[in-house]
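Readers should treat all values here as calculations from the given coordinates under stated rules, not as data from a laboratory. Keep in mind that this is a model prediction, so the values were computed, not measured. Note that each Cβ is placed from the backbone with ideal geometry, even for glycine, and that neighbours are counted across all protein chains shown.
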Amino acid sequence: MNASLDRLYERLPAIYRQHDYDQGEPLRALLQVIAEQVGVVEEDIRQLYDNWFIETCQDWVVPYLGDLIGYRPVYEAGEPGDVNTPPGQGRNKILIPRREVTNTIRYRRRKGTLPLLEELARDAADWPARAVEFYKLLGWTQPLNHLRMERGRTVDLRQGDALDRLDGPFDELAHSVDVRRINSRHTPRGRYNIPSVGLFVWRLRAYSMTKVQVFHFDQQRGHYSFSALGNDAPLYTKQVPETAPSQIAGEMNLPVPILRRAFRERPQDYYGPDKSLCIWENDPDAVGSRPIPLSRIVAADLSGWAYRPTQDQVAVDPQLGRITFAQGSTGEIPQNVWVTFHYGFSADIGGGEYRRPLRPPAKTDRVYRVTQSQEPTPSSSFATITAALEQWRQDADQGLASSAIIEIVDSGDYVEQPEILLRAGERLELRATQGKQPVIRMQNAKRSSMDALSITGLGRNGDKPGPWIILDGLLIQGRPVAVKGQVASVTLRHCTLVPGWELKPDCSPKEPLTSSVLLTKTTAKLVIEQSILGSIEVNQDEVKTDPLAIHASDSILDATGTDVEVLSKHQRGIAHAVLTVARCTLIGYVETHAIELAENTIFAGQVRVARSQIGCIRFFYVPPGSHTPRRYSCQPDLVSKAALNADQKREEERVRPQFNSMRYGTPTYCQLAEACAEEIKRGADDESEMGAFHDLYQPQREANLRARLDEHTPAGMDAGIIYAS
């Protein structure tokens, strides 16, 4: 019994408790029910006290406290969501930010100050920002007796660092006057004018990768890449908070790419174990391991690997994310190199060190831990995923572990091809532990899709339900995930199955026509959540089996081209599957049996559905000429109906989604461009953007920030938002 439930019963005299015991304790049972409700009331009273304060109140109370101090929500950003649903709660956190309500009065007192604009961006939109007064960058004649050295200077072609920053947030060069307004919504915006203040905001975030192995371009020559996939990717700055409220954000305070010249001039700001990047020549977790000292690190342009460091130097190119070692007098090159670095991306999808929800082990779960660490580990840990799977298979066959979790506890590089066998009634979760992203690298000389991470259901067993499996937090490169046999469900959660299997240095796929998931003669329901993967190939007996169910949400399915099939059967045909998608971006041609529901989604390629009378699609974009189920509030249908016949083609082209990048591995991958049509950027059912980054609520953030800028900008000053990334 729970002791807290007996607190009323324990207050009774002993004679009544003894009499109740003789009767079978009916009074005790009654008082336990009453005590439970008393606890609920007491907890509610405690919460009511917490709700008086903005720091401790519940989310639904924030707008009411804001109303007490005159805070007004921005209705241009849309109506608040339902406080009882997770999507509504996430939307309300953007529309009515707790931090902004907290600081409303303080902001009013600081109206007109430059640092306030940066704080507004951080509190109202949760964007890092830098405020720039453009009048300081105007070219003008200065008197010799009163020089202002902090003003913009004329261009010197020998100052490469200043030229790299031209027209950016850290520009130092003088410009001629631009009379166009910076906050105009009707004409092209200008910048360099006396009343203009620009607020540069960063939509990308800097994500960390801590103590991971590098990719070997050429181990004999000492050529390595920070990225585990071998693609060129810029390294980002680890943000350092400003030391004072009056400080204007600099490069070290923002998630910006590291420039070669900045790294050469100030390497101590970027290099170190707790800074933006660090390099080890052996396992950093080993006893006595130390990083390469700063004195050996040099900045270099490693394009084409033409630069050759001397003596014991280690050359780093932060703009390409490359490393090269000098051979030195002994000619020795380190065999294992480990790094810590930061990369740029838009949101928490595809896996990484960001925090993600993990299911706690149940009493029936047996946990197997996998690690490559050289540190002493428990006897229950394994060095490879295959070894852990074999041990679980043995335990499961003996009836000891029908439900298991295989947890990879490091960000190691696992070169193997796991084969997972599942029997009826079994449950398996293969996942990365919190804060890690292991790489499963499946490579051999055959280069065949049959050499895959294989998941096989071994058939039914009486009344036992079909087995299910979850892959969580993994980066899988080199081969697909192949599913066959009697499997109830396969879930990909916070995973990346590299589109095109592998990447070239320029982020183009090495195998652009290959699939990431193969569903062959199986009963599996495929669930995709907050993941990035390539195309899906379904090969089923269309006569004897029902269509497979494929559910995708908050994910990117990338066939590496809009004219390549992202969902189909082998050699382009109708996939025997029923698709359900929500808040996804699909790059490629879709051919499927039916679409049960599609909402807030972007189809960048043609869609062809065999059973168009089934299902509905709403608030999405699909190219003209597609054959789909019933549509509701979709593009370009809406603009075509509103336009004249002569303008229909132009309107259809205008609303076509525009991305900053469509290559996986680049920081702005699948991020909608600033020039993208408003019908796409605010085309979802809640006026957020369509696609995989719907839940970022970028339009609401921008509307909220613009309204606060207008409110806190004094007369005579024009403040405008400029996207830096």
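What is the mean projected area of the alpha carbon convex hull for the stretch 296-406, to one decimal in square nanometres?
Averaged projected hull area, Cα only: 11.4 nm².
Take every DSSP beta bridge whose two residues both sit in the chain, then give the antiparallel share in percent to the nearest 5.
Within the chain, antiparallel bridges account for around 20 percent of the total.
Rounded to whole Å and sorted largest first, list the principal axis extents of the Cα atoms in the stretch 681-725.
Cα extents, longest axis first: 39, 22, 13 Å.
By counting other Cβ atoms within 10 Å of each Cβ, how are Val40, Val498 ranked from fewest to most?
The order, fewest Cβ neighbours first, is Val40, Val498.
Between their Cα atoms, which of Lys136/Lys238; Lys484/Lys544; Lys363/Lys464; Lys238/Lys510 are more than 26 Å away from each other?
Beyond 26 Å between Cα atoms: Lys136/Lys238; Lys238/Lys510.
Counting only residues 5 or more places away or on other chains, whose amide H sits under 5 Å from the amide H of Arg369 once H atoms are built in the peptide plane?
Excluding prolines and chain starts, which carry no amide H, the hits are Phe382, Glu407.
Would you kindly state how much longer the chain becomes between Arg618 and Glu711 on full extension, computed as 0.36 nm times their sequence separation minus their alpha carbon distance, in nm to one decimal?
The span from Arg618 to Glu711 would gain 29.9 nm if fully extended.
Give the residue list of GluC sites (Glu not before Pro) in the stretch 654-700 that are DSSP loop and have at most 14 other beta-carbon atoms within 10 angstrom.
For GluC sites (Glu not before Pro) across the stretch 654-700 that sit outside H, G, I, E and B with at most 14 neighbouring Cβ atoms in 10 Å, the list reads Glu674.
Explain nothing, just compute: Karplus ³J(HN,Hα) = 6.51 cos²θ - 1.76 cosθ + 1.60, θ = phi - 60°, for every residue of the stretch 337-347 in order, whole Hz, x for Gly and Pro.
10, 10, 9, 10, 7, 10, 10, x, 7, 8, 8
Rounded to the nearest 0.05, what FRET efficiency do Asp44 and Asn282 have when you use their Cβ-Cβ distance and R0 = 45 Å?
0.20
In the P(r) worked out for the stretch 205-345, what percent of Cα pairs fall beyond 22 Å?
Roughly 34 percent, rounded to a whole number.
Given H placed on each backbone N at 1.01 Å, which residues far from Arg322 in sequence or on other chains put an amide H within less than 5 Å of it?
Sorted by chain and number, the residues that satisfy this are Phe226, Asp317.
I'd like to compare 14-26, 114-126, 500-512: which one has the highest average count of other Cβ atoms within 10 Å, and what's the full order after that?
114-126, 500-512, 14-26
So how much slack lies between Tyr632 and Glu242, counting 0.36 nm per residue of separation and subtracting their Cα-Cα distance, in nm?
Stretched out fully, the Tyr632 to Glu242 stretch lengthens by 135.6 nm.
Hey, for a label at Glu674 modelled as a point 7 Å past Cα toward Cβ, could you say which residues of the stretch 109-139 have their backbone N under 20 Å away?
The answer is 117-138, whose backbone nitrogens lie closer than 20 Å to the label point.
How much length is gained on full extension from Asp506 to Gln571, taking 0.36 nm per residue of separation minus their Cα-Cα distance?
Net length gain for the segment: 20.6 nm.
Given a Förster distance of 60 angstrom, what is the FRET efficiency for His216 paired with Ile15, based on the Cβ-Cβ distance and rounded to 0.05?
According to the calculation, E is roughly 0.15.
Could you pull out every residue, at least 5 positions away or on a different chain, whose amide H is within less than 5 Å of the one on Ala575? Hs are placed 1.01 Å off N in the peptide plane, and Pro or chain starts have none.
Excluding prolines and chain starts, which carry no amide H, the hits are Lys569, Glu591, Thr592, His593.
Let me have the relative contact order for the chain, percent, based on Cα pairs under 8 Å that are six or more residues apart.
10
Which whole DSSP H helices in the chain pass both tests: a Cα extent of 27 Å or more along the axis and a mean Kyte-Doolittle value no lower than -1.0?
26-50
What FRET efficiency would be calculated for the residue pair Asp156, Asp178, taking the C-beta separation as r and a Förster radius of 22 Å, to the nearest 0.05?
Rounded to the nearest 0.05, the efficiency is 0.50.
Please turn the phi angles of the stretch 218-225 into ³J(HN,Hα) values with the Karplus equation 6.51 cos²θ - 1.76 cosθ + 1.60 (θ = phi - 60°), one per residue in order, whole Hz, x for glycine and proline.
Per residue, the Karplus-derived 3J(HN,Hα) values read 8, 5, 5, 9, x, 9, 9, 10 Hz.
Determine, for each peptide in 227-240, 41-54, the mean count of other beta carbons within 10 angstrom over its residues, then list the peptides with the highest first.
Listed from highest to lowest mean packing, they are 227-240, 41-54.
Applying the Karplus parametrisation 6.51 cos²θ - 1.76 cosθ + 1.60 with θ = phi - 60° to the phi angles of the stretch 649-663, what ³J(HN,Hα) value in whole Hz is obtained for each residue in order, glycine and proline being reported as x?
4, 5, 5, 4, 6, 5, 8, 5, x, 10, 10, 5, 7, 10, 10
Show that you can apply the helix-only estimate: for the chain, add -39,500 (n - 2.57) for every DSSP H stretch of four or more residues, divide by all residues, and state [θ] at 222 nm to the nearest 500.
Here the helix-only value at 222 nm equals -5000 deg cm²/dmol.
How big is the Kirkwood radius of the stretch 475-620, worked out from every pair of different alpha carbons and given in Å to one decimal?
Evaluated on the stretch 475-620, it is 14.9 Å.
Mind ranking 93-102, 187-196 by how tightly packed they are, going by the mean number of other C-beta atoms within 10 angstrom, highest first?
93-102, 187-196
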